[in-house]
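Participant: This is the structure I have questions about; it appears just below.
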């Protein structure tokens, strides 16, 4: 049995589908199990990973856990301690490339480092997926694109190598079942360094319209996101990292291709798959 936290998120949804297709026995954790859009054949576990005691009974018979830090919050150490007591063998945790390469506000990298340290201290076999910016972060532009075909943002020339959630899930699916992945921290990025302007252009090409970028101040971006109900840490995390990537592009690695034996999926492929969000 493989237990997936964050199962309804961008990576978790892809992971559940891949594990199911591979014939694995999967349990998806959801705080709202009656409303969770989980594929048939997947067990749904009602519980809150940030309160590990709600998952105590579900951990029996679990071989490996997929851990999304946002879903677990500050309770990582408690959850993994509980898992170890239930004889869980492995944990695969999503982390960030900033742990290895730096960039942005240090406190955010330290949060991911704390997750990694908790996994190492748990006694479980561990694998860390240190991810670059997700392709899906571009969905934040969707309302602007639908309304005006103009994206207003800060640090338009900041370059990163965004990664498709399916590639993260594909590596995670292998690490959850193959002990050879244990003890490794993988820096996972997309195949191409792209500025924010580049990403907007590629979305426009996928949708078939001309999109433009309008540079505004970081504070304007921050306030706009907060006014939409976004927690303050999200614009701080995003803008702090983009400011650094304006001076020095984010890392670009070939790890996805090395592990999967195929090229990493491109941002253009992701945009084509998700045209509906921008129309």
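Participant: Semi-axes of the chain's equivalent ellipsoid from the Cα gyration tensor, sqrt of 5 times each eigenvalue, largest first, rounded to whole Å?
Facilitator: With the √(5λ) rule applied to the chain, the semi-axes are 32, 20, 19 Å.
Participant: Also: Considering only the chain, what is the antiparallel percent among its DSSP beta bridges, to the nearest 5?
Facilitator: The answer is about 5 percent antiparallel.
Participant: Let me ask something else. Helix 218-227 versus the longest principal axis of the chain: what is the Cα-based angle in degrees, 0 to 90, to the nearest 10?
Facilitator: 60
Participant: Right, another one. Based on alpha-carbon centroids, what's the gap between the stretch 238-273 and the stretch 51-104 in Å, whole number please?
Facilitator: Using only Cα atoms, the two centres lie 25 Å from each other.
Participant: Debye calculation, C-alpha points only, no solvent: report log10 I(q)/I(0) for the stretch 121-279 at q = 0.10, 0.11, 0.19, 0.21 Å⁻¹, in the same order as the q values.
Facilitator: Those come out to -0.40, -0.49, -1.20, -1.35, one per q.
Participant: Which ordering of 230, 200, 99 is given by a fewest-first count of other beta-carbon atoms within 10 Å?
Facilitator: Taking fewest neighbouring Cβ atoms as first place, the list is 230, 99, 200.
Participant: Find the eigenvalues of the gyration tensor of the Cα atoms of the stretch 1-125, then list the square roots of 5 times those eigenvalues as equivalent ellipsoid semi-axes, largest first, in whole angstrom.
Facilitator: So the three semi-axes of the stretch 1-125 are 24, 17, 13 Å.
Participant: Sort 128, 267, 134, 66 so the one with the fewest other Cβ atoms within 10 Å of its own Cβ comes first.
Facilitator: Fewest to most other Cβ atoms nearby, the residues stand as 134, 267, 128, 66.
Participant: Report the residue, chosen from 100, 232, 215, that carries the largest GNM mean-square fluctuation when the chain is represented by alpha-carbon nodes joined by springs under 10 Å.
Facilitator: 232
Participant: What is the stretch 180-249's relative contact order, in percent, from Cα pairs under 8 angstrom and six or more apart in sequence?
Facilitator: Value for the stretch 180-249: 20 percent.
Participant: Label the stretch 187-279 by shape, choosing from rounded, prolate and oblate, from the square roots a ≥ b ≥ c of the eigenvalues of the Cα gyration tensor; if a/c is under 1.5 it is rounded, and otherwise prolate applies when a/b is larger than b/c, oblate when it is not.
Facilitator: Note, shape of the stretch 187-279 comes out oblate.
Participant: Before anything else, pin down the relative contact order of the chain: Cα pairs under 8 Å, at least 6 apart, normalised by residue count, whole percent.
Facilitator: 19
Participant: Of the candidates 12, 104, 261, which one comes out as most mobile in a Gaussian network treatment of the chain with C-alpha springs shorter than 10 Å?
Facilitator: 261
Participant: Given the options 101, 181, 241, state which has the largest fluctuation in a GNM of the chain using a 10 Å cut-off (strictly under) for Cα springs.
Facilitator: 101
Participant: Turning to a different aspect of this structure: As a test of the formula, what do you get for the chain when each DSSP H run with n ≥ 4 contributes -39,500 (n - 2.57) and the sum is divided by the residue count, at 222 nm and rounded to the nearest 500 deg cm²/dmol?
Facilitator: Result for the chain: -12000 deg cm²/dmol, rounded to the nearest 500.
Participant: With the cut-off at 1.5 for a/c, could you classify the stretch 225-279 from its C-alpha gyration tensor as rounded, prolate or oblate?
Facilitator: oblate
Participant: Relative to the longest principal axis of the chain, what angle (0 to 90°, nearest 10) does the C-alpha long axis of helix 233-247 take?
Facilitator: Relative to the chain, helix 233-247 is tipped by roughly 60 degrees.
Participant: Could I ask something else about it? Checking the a/c ratio against 1.5 first, then a/b against b/c, what shape does the Cα gyration tensor give for the stretch 1-65?
Facilitator: oblate
Participant: Normalised by the number of residues in the stretch 31-155, what is the relative contact order in percent for Cα pairs under 8 Å and 6+ residues apart?
Facilitator: Here the relative contact order equals 20 percent.
Participant: Kindly express, to the nearest 10 degrees and within the range 0 to 90, the angle between helix 106-121's C-alpha long axis and the longest C-alpha principal axis of the chain.
Facilitator: Approximately 20 degrees, to the nearest 10.
Participant: Moving on to the next point. Which value in Å does the Kirkwood hydrodynamic radius of the stretch 57-196 take, with 1/r averaged over all unlike C-alpha pairs and then inverted?
Facilitator: Every distinct Cα pair counted, the radius reaches 16.4 Å.
Participant: Hey, could you pull the Cα Rg and Dmax for the stretch 136-192, both in Å?
Facilitator: Rg, Dmax (Cα atoms, Å): 16.4, 49.
Participant: If neighbour count is taken as other Cβ atoms inside 10 Å, put 31, 130, 201 in order from fewest to most.
Facilitator: 31, 201, 130
Each reported figure results from applying straightforward, stated rules to the coordinates on display, with no laboratory input. Nothing here was measured: the structure is a model prediction, and the numbers come from that model. Glycine gets a Cβ as well: all are built from the backbone with ideal geometry, and neighbour counts include every protein chain shown.
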